[in-house]
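See structure below.
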Amino acid sequence: MKKMKFNMEFREKLKKRLRYSSPPRVDHDCQYLRLAAGVELVEQRAKFLKIEDITLQQRSNQPRPNGVNLAHLNKLKNQLEGGKQLNYPIFVSVDPITGKKILEQGHHRYQAYLELDYTEIPCWIIKYITRDDGRNSKLEFNQIHGRDESSLPHGKEEAISYLNDIKRTESSYFTKALDIEDDEEKKAKISELCRARLTGHYDHLSSQSMTEVIKKFMKGYCPEKVSNLNSRQVAKFFKDRHFPENNKYDFNKNEIHYILQQGKEGSYLGLIEDLLRKEMNKSIEECKETGGDPALVRQRFRKVKICAWSYTTTSASYDKLKKSRKTLERALTIINKDDFYSPNTCIEKIYHTPQSLMPVEEKDCIERTWCKKKQCFE
């Protein structure tokens, strides 16, 4: 394994541009850049890249079933807000055709910088080369950084995903074992091969947990993978797809789009109703000044089109994600049917943000429209 210390120039840039501690702490001086076999640096020093220029590909580059872990993310954010440095920068590759800078490793660090409004972040630009042992370079690189102290350790679900990825990308690895005719001997050989690949990457797992991982893999279990998002990510998703501005009433179209976290629809809806009430009172005052009829303004606001952008931060599986969406739809159905407490509130559309990485959902949002005749979302 290659190791490379952060050079002094890089440390000085970090201190100056990212508010890192000065003088450099001892533990910062002894941090190393870890590269697995099959990975090379394009440049021998880190670069500061604009955060909006970095592209995420979580389906292939994020091995964790639930995407970003909020507890770990908050820990990194607290470090940055406290003026401390993150021990490792982010690793980025460059697509040779499109030139896009693709985030390979460091999703939590990237998200921490993003949520704290950093415009530039330190990155190592890498490229993958063929390994002598035939292993998948990208796959091994993602696994090795699951052991770094700055990273969240990989667990049993990640281990099973790793074995499934080996089966998918390195088809010859299990070939000889699968040719064994005796079933017991075949199972023993496959188990031995699995343990050989898990050793080193997953030594922190107990022997019992390691055995459980191998048994689940051999039974065909494939972990579901959900990307839990925050409101900033959801807003960017819809902005990139040219949706109207979030939480802003459009008078000409008489509609408003807003972000709605699943499980908190009551409080979110209250905020939207307050916003619309302020817009209506403002329009009424303008109407009075011009000699118009305030009743017409009220009538217009009774027909305002409300569209919700739905997301969740806590789903651990695709099934739980689907249940969370159904629960949201039931809650909004009750609100739409209510003619006593909120007679003028009607959510006409729900756009569910795609969050399932495995099984793969379409990249476009899932649209649900309120049917007045059937009194349900379709």
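When Arg131 is tested against (1) modelled with pLDDT under 85; (2) closer than 22 Å to Asp95 by Cα; (3) in a loop (DSSP other than H, G, I, E, B), exactly one condition is not met: (1).
Take Ile121 and tell me if it is over 25 Å from Gly200 (Cβ atoms) and either part of a loop (DSSP other than H, G, I, E, B) or of a type in the set (Val, Ile, Thr) (or both). Yes: the conditions hold for Ile121. Within the stretch 211-231, can one find any residue that is farther than 30 Å from Leu260 by Cβ, within 25 Å of the chain's Cα centre (by Cα) and in a loop (DSSP other than H, G, I, E, B)? Yes, the stretch 211-231 contains at least one residue that is farther than 30 Å from Leu260 by Cβ, within 25 Å of the chain's Cα centre (by Cα) and in a loop (DSSP other than H, G, I, E, B).
Which one of these does Ser60 not meet: (1) in a helix (DSSP H, G or I); (2) of a type in the set (Gly, Ala, Ser); (3) at pLDDT 65 or above? Evaluating Ser60 over (1) in a helix (DSSP H, G or I); (2) of a type in the set (Gly, Ala, Ser); (3) at pLDDT 65 or above leaves (3) as the failure. Looking only at residues that are in a loop (DSSP other than H, G, I, E, B) and at pLDDT 70 or above in the stretch 65-87, which one is nearest to the chain's Cα centre (by Cα)? Only one residue fits best here, namely Asn69. If only residues of the stretch 96-145 that are among the aromatic types (Phe, Trp, Tyr) and within 25 Å of Asn69 (Cβ to Cβ) are counted, the one that is surrounded by the fewest Cβ atoms within 10 Å (Cβ to Cβ) is Tyr118.
Could you go through the stretch 198-217 and let me know if any residue there is closer than 30 Å to Pro354 by Cβ and free of Cβ contacts under 8 Å to residues at least 24 places away in the same chain. No, every residue in the stretch 198-217 fails to be closer than 30 Å to Pro354 by Cβ and free of Cβ contacts under 8 Å to residues at least 24 places away in the same chain. Taking every residue in the stretch 328-339 that is closer than 14 Å to Thr369 by Cα and pairing it with any residue that is at pLDDT below 90, at least 6 positions away or on another chain, the pairs with Cβ-Cβ distances below 7 Å are Leu328/Glu265; Leu332/Glu265; Asn336/Cys346. What number of residues in the stretch 214-234 are of a type in the set (Gly, Ala, Ser) and either exposed (fewer than 13 other Cβ atoms within 10 Å of the Cβ) or modelled with pLDDT of 90 or more (or both)? Final tally of qualifying residues: 1.
Got a sec? Which of Ser137, Ser161, Ser172 is closer than 24 Å to Ile54 by Cα and either in the same structural domain as Gly83 (by TED's automatic domain parsing) or in contact (Cβ under 8 Å) with a residue 12 or more places away in the chain (or both)? One residue alone meets the criteria, Ser137. Are there any pairs with C-beta distances below 8 angstrom linking a residue in the stretch 251-272 that is touching a residue at least 60 places away in the same chain (Cβ under 8 Å) and assigned by TED's automatic domain parsing to the domain that holds Ile284 to a residue that is crowded, with 16+ Cβ neighbours inside 10 Å and polar (S, T, N, Q), with the two at least 6 apart or on different chains, and if so which? Qualifying pairs under 8 Å: Leu260/Ser310; Gln262/Ser310; Gln262/Thr312; Gln262/Ser324; Gly263/Thr312; Gly263/Ser324; Leu269/Thr345.
Among the residues of the stretch 257-269, write down those that are closer than 16 Å to Ser231 by Cβ and either among the basic types (Lys, Arg) or out of contact with any Pro (no Cβ under 7 Å at 6 or more places or on another chain) (or both).
At the first step, the residues of the stretch 257-269 found to be closer than 16 Å to Ser231 by Cβ are 257-265, 267-269.
Matches in the stretch 257-269: Tyr258, Ile259, Leu260, Gln261, Gln262, Gly263, Lys264, Glu265, Ser267, Tyr268, Leu269.
Scanning the stretch 275-293 for residues that are hydrophobic (A, V, I, L, M, F, W, C) and without any contact (Cβ under 8 Å) to a residue 24 or more places away in the chain yields Met280, Ile284, Cys287.
When residues in the stretch 232-250 are screened for being touching a residue at least 40 places away in the same chain (Cβ under 8 Å) and part of a strand (DSSP E or B), 1 of them pass.
The values are calculated or read from the model by the stated rules, or taken from the named source; none is laboratory data. The model shown is predicted, which means the values in this text are computed figures rather than measured ones. FYI the Cβ positions are ideal-geometry reconstructions off the backbone, even for glycines, and counts take in every protein chain you see.
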